[in-house]
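Let me begin by presenting the structure, written as structure tokens, before commenting on it.
The values are calculated or read from the model by the stated rules, or taken from the named source; none is laboratory data. Remember, it's a predicted structure, so these values are computed and weren't measured experimentally. Here Cβ is always computed from backbone atoms with ideal geometry, including for glycine, and neighbour counts include all displayed protein chains.
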Amino acid sequence: MPEINYPYLASQLLNTPLMCTPQLRDAVQQAILPKILGKGDTNVLIQNATTVDPQDPSALPSHLSEWRDAETVEYQTNNGVLVIPVHGILTTRRGSYDAECSEVTSYEKLSGLLDAALDSDAVKHIVYDINSNGGSAIGCFDFAERIYQARSIKPSTAIINYSAYSAAYALASAADEIVVSTTSGVGSIGVIATHVDMSKALDEAGLVMTSFYRGYHKNDLSPYEAVTKEAAAELDDLYDLFVQTVARNRNLKPKEIQTTEAKTYRGAKAIEIGLADRLAYPQDAANSIMQTVLEQHPPKMPISTQAAAMAMEAQL
């Protein structure tokens, strides 16, 4: 079993801004915190930076991963349409790890696939198949900007299949169009962080932790002291960036985004307030995109609409 990099794992969960639903944060922390604190079993399959699975394209060194991304895009492109899966917990770091059956997708991996899609003449339309409650704030806006800039190169559609919350919605908002079904959910436009104050635990253990630092904010969010208002203000900048990004992407006013107060919306309601564009079941939306691409870019050899739909269905 691979060695678990607990310091890195803790840094991704605690004392750092997150863009996810509170439910996702609580579920992950309840599963992981006992192990970080030395309680419970350690049967978590998480690879550290030095562990590489040769069968996992995302775990390859960067120069080889770029080649594998191009190969993946070529293999998964069907009649001009590429589906990029945006599933599970969104995080930084290209290396692969899986926390107790949770899907994990890195922004770096998604960025690599987008690069390959833009470079491929075979790709005429990019579909983001999104089913995620969000994840890390770090890296999210960089990739969202890449999706937004890619609009001028190739058309894109975010199909919400069936959730795009917080960081996942930041990515969805950057596509040309957002499609939701009756029960698809979007929104949760906000930032959240959990500060773990370990000072009482140290007192009970008879330990005193003293930090020496220069620069007033150098010790912000230290787990060994109570959190300060100044440290908590870090979320303000990220929240403002989130609001401004979505407002630009969706052609809405920042105030309209702020008034959602991180609520979530489904189906027609999401369209009504401007967070989505049209209503369709995921497979129907994919088939429609496939049909449009086939009409705009007829294949050299005839292919039936039914066969095209079956090819797309395999990707969703």
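When the stretch 268-300 is filtered for residues that are farther than 11 Å from residue 79 by Cα and not in a helix (DSSP H, G or I), the ones remaining, listed by number, are 273, 274, 275, 276, 277, 278, 279, 280, 281.
Of all residues in the stretch 164-206, those that are among the hydrophobic types (A, V, I, L, M, F, W, C) and surrounded by fewer than 17 Cβ atoms within 10 Å (Cβ to Cβ) total 4.
Highlighted here are the strands (runs of 3 or more DSSP E) found entirely within the stretch 130-184 that include at least 1 residues which are closer than 26 Å to residue 120 by Cβ: 156-165, 177-180.
To keep it simple, each residue is scored yes or no on (1) modelled with pLDDT under 90; (2) within 19 Å of the chain's Cα centre (by Cα); (3) loosely packed, with under 15 Cβ neighbours inside 10 Å.
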| residue | (1), (2), (3) |
| --- | --- |
| 45 | yes, no, yes |
| 54 | yes, no, yes |
| 89 | yes, yes, no |
| 97 | yes, yes, no |
| 100 | yes, yes, yes |
| 119 | no, no, yes |
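Of all residues in the stretch 233-258, exactly one satisfies the criterion of being among the charged types (D, E, K, R), more than 20 Å from residue 178 (Cβ to Cβ) and surrounded by 15 or more Cβ atoms within 10 Å (Cβ to Cβ), namely 234. Taking the conditions (1) at positive phi; (2) at pLDDT 95 or above in turn, residue 215 satisfies each one other than (2).
Conditions (1) crowded, with 18+ Cβ neighbours inside 10 Å; (2) closer than 18 Å to residue 20 by Cα; (3) modelled with pLDDT of 90 or more; (4) among the β-branched types (Val, Ile, Thr), marked per residue:
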residue: 112; (1), (2), (3), (4): yes, no, yes, no
residue: 115; (1), (2), (3), (4): no, no, yes, no
residue: 127; (1), (2), (3), (4): yes, no, yes, yes
residue: 133; (1), (2), (3), (4): yes, yes, yes, no
residue: 141; (1), (2), (3), (4): yes, yes, yes, no
